[in-house]
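Enquirer: Attaching a single structure in structure tokens format; questions to follow.
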Amino acid sequence: MKKYRSLNTLSGPLLFFVVLGILSQLISFKQAAAIATICWMGLWWVLRPVNIAVTALLPIPINAFFGMVPMDGIISKYFSEIVVLLVGSDLISLVWEKTHLDKRLAIKSLCGIGTSMRQQITVWLVAATVLSIFLPNVVVVMILVPVAVSMLKFLGQGDITNNPIATPILLALVWGAGFGGFGSPLGGASNLVAISYLEKLTGQEFMYVDWIIRFLPLLFIILLFILAFLLHLPMPVEHLEGGKEYFRSVYAKLGPMKKGEKLGLWLFALATILAFIRPLYVEYLPLMKPAYVFFFFGMLTFVLRNETGQLLLTWNEAEKGIMWGMIFLFSGGLALGKLITDTGAATEIAKVITLLPLSGGVETMFSLTLFATFLTEISSNTAAASIAIPVVQSITQELGVNPVPYILTTIVAVNCAFILPVSTRAVGVTYGLGPDDLMRHGVRLSIMCMLLVSALGYVCMQFWPLFNHI
């Protein structure tokens, strides 16, 4: 085993230098190094010779050695706005754990959801998808994953990693929170990027209601497709142990909610509500984005006291409890996206598309969908949208076809990433979702979803007039 561990460790840098040596003959050295970094990190995320959070830190030393982009751009990703959001929501979730509010919510969810595995998967997937229509997908996954994990542990599933019972539930959560964002402009920053490009292209304002009319039908179809995929995964049991009546009796024994629990719930509820109604106060508090809302309420945990007069959270508890690994894992994906975009490696990848024999038909739709999906797998969907949409616009205009349906399809594609443990998937992996399970099932789903999205985009372009203009 030690021999294989050493081999797995060396495989990453070896692959890096092989890819660097080959690609540097074709593109610039910095672009080649950025793509080689993807290969190194992807291989280590699969083989796991070191902790996956350690792999997420690789962009820092690699960029320091090879100088692909200014270091400030990389370092800033490790305490970006999204990291602020993660820290804030993590502080609130620590209060839930300390006061056992998470246990109360887990038992309550079992009383309502039931213990059928098929029902569990369906409810968690739909809940994650619907919430991510209105809230940032990171917020959604931080809301739901801890509750689901608490429920599973309460049912005796102590070891979550590579657990065939926990895996489909966690996949439903991270995938649902990921793809559901394209249901409305509020679902993610990538949607706002897309609106900006479309409005510049057409010279018209793209109303939020128009967005929903065009995308909700596609969201519903993809939701059903992913649900069917999840329900066909191997499940060792049909029902989780226990029944609704049992969980109701257990919940009754908990008694009324204590002050600490209520405060933890209110902190979370107020942060979520304020994040959702941001359009109502953005004019007066333009800098108070959801990240800073959650951070503010997270900071209140060090000030407010429970029913016994103790602080909801002490610094020592926060220092030990914050999921630093999850934060680094999420940040690593952002840093990797920075390397790809700022070196121009993404542009070089896009040039490959222009060499294909494209005519504007279904093969064009698939090629552009493949490109957008690849970008969002290795970076954030916001970065992917920023890169893919102008490339799609350029290619379609060169072909002399209407760019709008291709751009709308690209928006769907940049929200459909299922493989690597970055973005929302990083949260699930930190809580126990096995990266190998994520990648193994994610590859199959990603391939099928690319085909589905391409087909939907092409059919809508041909038969749905609303899909051809905004």
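Enquirer: List every residue whose amide H lies under 5 Å from the amide H of VAL401, counting only residues 5 or more places away in sequence or on a different chain, with H placed 1.01 Å from N in the peptide plane.
Expert: HN-HN under 5 Å from VAL401: empty list.
Enquirer: Net charge near LEU57: determine it from the other residues with C-beta under 15 Å of the C-beta of LEU57, scoring Lys and Arg +1 and Asp and Glu -1.
Expert: Within the 15 Å Cβ shell, the charges total +3.
Enquirer: Once the Cα atoms of helix 29-47 and of the chain are each reduced to a long axis, what angle between those two axes, in degrees from 0 to 90 to the nearest 10, is obtained?
Expert: 40
Enquirer: Of all the accessible heavy-atom surface of the range 45-153, with the other protein chains kept in place and a 1.4 Å probe, what percent is carbon and sulfur?
Expert: Of the solvent-accessible surface of the range 45-153, carbon and sulfur hold 67 percent.
Enquirer: May I ask you to give the percent of accessible area on the range 342-470 that is carbon plus sulfur, with a probe radius of 1.4 Å?
Expert: Heavy-atom surface of the range 342-470 belonging to carbon and sulfur, 1.4 Å probe: 67 percent.
Enquirer: Given a Förster radius of 45 Å and the C-beta distance between GLU241 and MET288 as r, what FRET efficiency does 1/(1 + (r/R0)^6) yield to the nearest 0.05?
Expert: 0.50
Enquirer: Sticking with this one: What are the residues whose amide H is under 5 Å from the amide H of SER116, where those residues sit 5 or more places off or on another chain and H is modelled from the backbone?
Expert: HN-HN under 5 Å from SER116: LEU240.
Enquirer: For labels at VAL126 and LEU7 in the simple 7 Å Cα→Cβ model, what's the distance in nm?
Expert: Here the modelled spin labels are 4.8 nm apart.
Enquirer: Per DSSP H run of at least 4 residues, take -39500 (n - 2.57); add these up for the chain, divide by its residues and hand me the 222 nm value, nearest 500 deg cm²/dmol.
Expert: Helix contribution divided over all residues of the chain: -23500 deg cm²/dmol.
Enquirer: Hey, which aspartates and glutamates would be in cross-link range of LYS258, C-alpha to C-alpha under 17 Å, not counting anything within fewer than 8 residues on its own chain?
Expert: GLU97, ASP102, GLU307
Enquirer: Where does helix 117-134 land angle-wise versus the long Cα axis of the chain, in degrees 0 to 90, nearest 10?
Expert: 70
Enquirer: I've got another one for you. Please calculate how many Å² of accessible area the chain carries per residue, with a 1.4 Å probe and no DNA, RNA or ligand atoms counted.
Expert: For the chain, the per-residue accessible area is 42 Å².
Enquirer: Could you tell me whether the range 193-299 comes out rounded, prolate or oblate from its Cα gyration tensor? Rule is a ≥ b ≥ c as square roots of the eigenvalues, rounded for a/c under 1.5, then prolate if a/b exceeds b/c, otherwise oblate.
Expert: Oblate is the answer for the range 193-299, as a/c is 1.5 or above yet b/c matches or exceeds a/b.
Enquirer: Ranking request for peptides 391-401, 427-437: highest mean number of other beta-carbon atoms within 10 Å first, then the rest in descending order.
Expert: 427-437, 391-401
Enquirer: Please work out how much length the chain gains when fully extended from ASP159 to LYS262, using 0.36 nm per residue of separation minus the C-alpha to C-alpha distance, in nm with one decimal.
Expert: This chain segment gains 34.2 nm when fully extended.
Enquirer: Return the distance in nm (one decimal) between the two label points of a simple spin-label model at CYS39 and LEU356, each offset 7 Å from Cα along Cα→Cβ.
Expert: For the pair CYS39/LEU356, the computed spacing is 2.2 nm.
Enquirer: On a 0 to 90 degree scale, rounded to 10, what angle separates helix 2-23 from the longest Cα axis of the chain?
Expert: Relative to the chain, helix 2-23 is tipped by roughly 30 degrees.
Enquirer: Can you tell me how the range 44-178 classifies by the Cα gyration tensor, rounded, prolate or oblate, using a/c under 1.5 as the rounded cut?
Expert: Because a/c hits 1.5 or more and a/b exceeds b/c, the range 44-178 counts as prolate.
Enquirer: With 32 Å as the limit, write out which pairs from LYS262/LYS338; LYS108/LYS320; LYS30/LYS320 have Cα-Cα distances beyond it, or answer none.
Expert: Too far apart for the 32 Å limit: LYS262/LYS338; LYS30/LYS320.
The values are calculated or read from the model by the stated rules, or taken from the named source; none is laboratory data. From a predicted model like this one, the values you see are computed outputs, not experimental measurements. Methodologically, a virtual Cβ is constructed for each residue, glycine included, from the backbone with ideal geometry; neighbour enumeration extends over all protein chains shown. Ligands, DNA and RNA are stripped out before the accessible areas are found, and what is left, the full protein with its side chains, is counted by its heavy atoms. Shrake-Rupley method; radii C 1.70, N 1.55, O 1.52, S 1.80 Å.
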